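Just below is one structure, and these are the notes that go with it.
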Amino acid sequence: MRHDARDLISLTDLADEDLQAIVLRGVDHAAGRTGGERPLTGRVVGTYFSKTSTRTRTAFTCAALRLGAQVIAYGPGDLQLNTGESIEDTGRVFAAMLDAVVARTAGPPAELRAMAAHPRMAVVNAMTADEHPTQALADLTTLQERFGGIEGLRLLYVGEGNNTAAALALALTRFAGTHLELRTPPGYGVDPAVLERARILADGHGAVVAERHDMADLPGDLDVVYTTRWQTTGTSKPDPDWRSVFAPFRVTAELWDDHSKAVFMHDLPAHRGEEVDADVLDGPASIAFTQAENKLHSAMAVLEWCMRG
Ligand SMILES: NC(=O)NCCC[C@H](N)C(=O)O
């Protein structure tokens, strides 16, 4: 018996109540309060990763298996997409057989939307160039677990305005009183359309989002300092001098001294000595590897939301 499914391609697909429910369910999974239920027994989940993945692929595969589903894994060279079959035809065939597909593609989200034209199969965005929604859900799960709530948190994001920054901006701004300060290198900011969307969300929820392209006058009283690696997956920087543009945007031990009451977050993989000092990433304030573990608990909540129907 096939059920209607729900897609998660962008965080903007989620109503506030859905976002909150996924986060709280993820916290329950993390705390072991969900009693090993296997609500997805008999379902089949495909994973298609056309780009590298350690955390997201493992999290969704383990989540599907732990919830009772079976998994088919497709790597970058496996599908007839490589021989010219369209994404639409691929989606049509998948939807006749799979209950969900978790996909990391090189192209824009429109590709995933084309795959998601079928109501019985859920499509989950496991990262596109412009948004990483399941990362933000794992991050919110980690914040909820750590602080007991997300409202009112003050977060500084340092680094490229990549898919992770976009997802954070679209997620955190939906919680009252949050302040998200983005410090991105000049020329490597958050997509202005995403930032505008985040500003509208922030206005509607009593939150604040701000972006600057320098590291002067950082806000105080921070709860979280977040960074990301300088080489975003599947991208390259044409400017040969880009490292000097990024150099001031590092989370160093010295910066940490001024914000030592905060926790440190990172979507990983990390490059110690580049975007973050080892003393910070491996220090007592770091919850980066809790974040990574929460990708599993959050992926379980996402698959349940998509497929429980
Ligand atoms: N946690 C992850 O999914 N890490 C993979 C890469 C994240 C980073 N935003 C990137 O695009 O390279």
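The values are calculated or read from the model by the stated rules, or taken from the named source; none is laboratory data. Please read these numbers as outputs of a predicted model, since none were measured by experiment. In this analysis, Cβ positions are derived from the backbone assuming ideal geometry, glycine residues included, and neighbour counts consider all displayed protein chains. Keep in mind that these areas ignore ligands, DNA and RNA; they rest on the heavy atoms of the full protein, side chains included. Shrake-Rupley method; radii C 1.70, N 1.55, O 1.52, S 1.80 Å.
The single condition among (1) touching a Ser or Thr at 6+ places or on another chain (Cβ under 8 Å); (2) within 27 Å of Val45 (Cβ to Cβ) that Glu151 does not satisfy is (2). Residue by residue through the stretch 152-168, note down the ones that are at negative phi and in contact with a helix residue (DSSP H, G or I) (Cβ under 9 Å, 6 or more places away or on another chain). Listed by number, the residues that qualify are Leu153, Leu155, Tyr157, Val158, Glu160, Gly161, Asn163, Thr164, Ala165, Ala166, Ala167, Leu168. Take the stretch 107-143 and flag every residue that is in a helix (DSSP H, G or I), over 15 Å from the mean Cα position of the chain (by Cα) and of a type outside the set (Asp, Glu). Selection gives Ala110, Leu112, Arg113, Ala114, Met115.
Within the stretch 174-219, the only residue that satisfies the criterion of being of a type in the set (Asp, Glu), in a loop (DSSP other than H, G, I, E, B) and open to solvent by less than 70 Å² (accessible area, probe 1.4 Å) is Asp214.
When the stretch 109-130 is limited to residues that are buried (at least 20 other Cβ atoms within 10 Å of the Cβ) and within 10 Å of the ligand (Cβ to nearest atom), the one that is nearest to Ala95 (Cα to Cα) turns out to be Ala126. A single entry from Ala270, Ala278, Ala253, Ala262 fulfils the requirement of being in contact with a Leu (Cβ under 6 Å, 6 or more places away or on another chain) and more than 13 Å from the ligand (Cβ to nearest atom): Ala262. Criterion applied to Leu168, Leu155 was being outside any helix (DSSP H, G or I), in contact with a strand residue (DSSP E or B) (Cβ under 8 Å, 6 or more places away or on another chain) and either within 16 Å of the ligand (Cβ to nearest atom) or within 14 Å of His266 (Cα to Cα) (or both), and the one residue passing it is Leu155. Checked against (1) under 26 Å from Asp258 (Cα atoms); (2) out of contact with any Leu (no Cβ under 6 Å at 6 or more places or on another chain), Thr134 passes all but condition (1). Just so you know, in the stretch 230-239 the residues that are touching a residue at least 60 places away in the same chain (Cβ under 8 Å) and open to solvent by less than 70 Å² (accessible area, probe 1.4 Å) include one that is nearest to Val158 (Cα to Cα), and it is Trp230.
Within the stretch 49-77, the residues that satisfy the criterion of being open to solvent by 20 Å² or more (accessible area, probe 1.4 Å), farther than 14 Å from Met300 by Cβ and either free of Cβ contacts under 8 Å to residues at least 12 places away in the same chain or more than 13 Å from the ligand (Cβ to nearest atom) (or both) are Ser50, Gln70, Ile72, Ala73, Tyr74, Pro76, Gly77. When restricted to residues that are open to solvent by 10 Å² or more (accessible area, probe 1.4 Å), in contact (Cβ under 8 Å) with a residue 40 or more places away in the chain and either of a type in the set (Ser, Thr, Tyr) or more than 30 Å from Pro76 (Cβ to Cβ) (or both), the stretch 131-162 contains 6.
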